[in-house]
Amino acid sequence: MGEKDTMDQEEIYSKVLRAGRRTYFFDVRSTKAGDYYLTITESKKFTHDDGSFHYKKHKIYLYKEDFAAFKEIMEEMMDYIIDEKGQEVISERHQKDFKKEEENKASQNGEATGNFTDVDFDDI
């Protein structure tokens, strides 16, 4: 293992945020000079048809000289979203009556959706 790989694995302080299929890792790491920086990793789980799964990861390296500007813009963006749309999540997936895309296509094509309660009694 190279020196960079060893250094990348040395975590000084860590926190994890689990959010459904996504997990966020916040890790304080050390530079060669002994200063600290932050890595933020998003890990997203994907499941295959056969039940196996894999993760896709995206990582951001954030250095101290960028902290103030990053924090200012992050807060501004989050405040803007909350001011414009409020705290409530309005994604289709979070709606009580959300149906998977396949179910919607099947019902539009007149195919069975596997839900017994989809009977129209006018047809009887």
Sparse-neighbour loop sites [trypsin sites (Lys or Arg not before Pro); region 34-66; at most 13 other C-beta within 10 Å; DSSP]: none
Anisotropy class of region 9-101 from Cα gyration tensor, a/c 1.5 cut: oblate
Residue-wise HN-Hα coupling along region 26-40, computed from phi with Karplus coefficients 6.51, -1.76, 1.60 (Hz; x: Gly, Pro): 10, 10, 8, 10, 10, 7, 4, 7, x, 7, 9, 9, 10, 10, 10
Sum of side-chain charges, Arg18 neighbourhood, beta-carbon under 14 Å (Lys, Arg +1; Asp, Glu -1): +4
Distance violations [Cα-Cα > 24 Å] among Lys32/Lys59; Lys45/Lys85; Lys56/Lys85: Lys45/Lys85; Lys56/Lys85
Region 25-69 shape via C-alpha gyration tensor axes, a/c threshold 1.5: prolate
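Any read-out appearing in this document is the output of simple, stated calculations on the displayed coordinates, not a laboratory observation. Please read these numbers as outputs of a predicted model, since none were measured by experiment. Cβ: placed from backbone, ideal geometry, glycine included. Neighbour counts: every protein chain shown.
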